[in-house]
Amino acid sequence: MPRSVLSGTISSPKIDVVIDTGNPFLNRTVDGFLRIGTVAASKVAVEETYHCMDKGSISKGKLEAALKKMCKEGVYWGTAAGVYAGMEYGVERIRGKRDWKNATLGGAISGLLISAASNNGRDKVIKDAITAGAVATAAEFINYFT
């Protein structure tokens, strides 16, 4: 039986935005905020576009609600990423080493700070710190193997 194979490459344009605050800690924090905040806002834009196309209508109110949701999600996830990037860099500077342990500690500290700022109870704050540390460590190992 004949078969065909589709092969090729997909590439996307690369956009680099550099904001130099003169402080490496702030540079990494701002970079994390902008990168992940943009991803979160883009995700919401695609979801809201799908909902409008599915329903077949769009209104000024829906557009305003979508923009508000984009900003809210972008700021939330951007802040979380910025806190993590800053904490990981801070841990790296304190330890004087660059390894997976920085991701673990940076993630745990970030999870703890973000959960505590959300007025969660003590047990929830500890669980969030453990989860964030585990996710950051897993991401670090995945990046190492790819």
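The values are calculated or read from the model by the stated rules, or taken from the named source; none is laboratory data. These numbers come from a predicted model, not from an experiment. We place every Cβ from the backbone using ideal geometry, glycine too, and count neighbours over all the protein chains shown.
What the table shows:
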| read-out | value |
| --- | --- |
| Residue count, segment 116-146 (criterion: within 18 Å of GLY82 (Cα to Cα) and surrounded by fewer than 20 Cβ atoms within 10 Å (Cβ to Cβ)) | 9 |
| Residues being closer than 25 Å to VAL17 by Cα and basic (Lys, Arg) - total across segment 28-67 | 3 |
| Residues located in segment 1-43, provided they are in contact with a Ser or Thr (Cβ under 8 Å, 6 or more places away or on another chain) and either modelled with pLDDT under 80 or among the hydrophobic types (A, V, I, L, M, F, W, C) (or both) | VAL30, PHE33 |
| Residues being basic (Lys, Arg) and in contact with a Cys (Cβ under 6 Å, 6 or more places away or on another chain) - total across segment 23-60 | 0 |
| Enumeration of residues in segment 127-146 that are in contact with a Ser or Thr (Cβ under 9 Å, 6 or more places away or on another chain) and either of a type in the set (D, E, K, R) or free of Cβ contacts under 8 Å to residues at least 12 places away in the same chain (or both) | LYS127, ASP128, GLU140 |
| Which numbered condition ASP99 fails, given (1) buried (at least 17 other Cβ atoms within 10 Å of the Cβ); (2) more than 22 Å from LEU34 (Cα to Cα) | (1) |
| Matching residues, segment 33-77, being surrounded by 16 or more Cβ atoms within 10 Å (Cβ to Cβ) and either without any contact (Cβ under 8 Å) to a residue 24 or more places away in the chain or on the phi > 0 side of the Ramachandran plot (or both) | GLU48, ALA66 |
